[in-house]
Amino acid sequence: MGQDQSYSHRLQHDMYFLTSTSRLNEQVVDKIVLQLNRVYPQILTNEEAEKFRNPKASLHTRLSDLLKHLQKKGDRHCQEFYRALQINAEQLFNDLPSRKILKTPDPTEIDTDKEQYMLNDRGPVFFLACFSMAAGLALFWYCCNSETQVTGRARRILGFSPIIIGRHVRNICMLYLEDMSRN
């Protein structure tokens, strides 16, 4: 079962699951038949829709006949059935065996949802660390500007700064400020 499989093959694979007891009730089957009757281009004619909505026949028989009829009509008809099933019985649509096979991840494919989650899963500590780093660099740039004469105060602020930067980076900044104050 690949992802490029046709809808009629998928429907054949899902037929037993869909026709098994209590999966689809009478109302949902009627809604699906009506939707297939009303879509453009029309999937089921009025006569076919009446046949598949006939309450004299059992639900199992009507549903089996409908699925076989759609398979004979072709891939487009089966695709519209899946669309109607998704609209009218989304949980059942998600539980279909063919959907579970399609959802199986391809090891060579990049999962963009997972990648997006990984990029956004940093949390407030990461934000504060980045913000502190940016604020520290801005302060450092301001102190190193030759037009300002606040290197003494900046050195004290940087020395006791709550900015979370490594000791090595802070020492380099302090040495640079001392060199700037001597010049």
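Details
- Probe 1.4 Å, accessible area per residue of segment 56-96, Å²: 51
- Full extension of the segment from ASN46 to ARG99, taken as 0.36 nm per residue of separation minus the current Cα-Cα distance, would add 16.1 nm.
- 3J(HN,Hα) along segment 42-51, derived from phi through the Karplus expression 6.51 cos²θ - 1.76 cosθ + 1.60 where θ = phi - 60°, amounts to 5, 8, 10, 6, 4, 5, 5, 4, 4, 4 Hz, with x in place of Gly and Pro.
- Taking segment 17-101 and dividing mean pair separation by its residue count, relative contact order in percent (alpha carbons under 8 Å, at least six apart): 30
The values are calculated or read from the model by the stated rules, or taken from the named source; none is laboratory data. These figures come from a predicted structure and were not determined experimentally. Side chains are part of the model used for accessible areas, which takes the heavy atoms of the whole protein and leaves out ligands, DNA and RNA. Shrake-Rupley method; radii C 1.70, N 1.55, O 1.52, S 1.80 Å.
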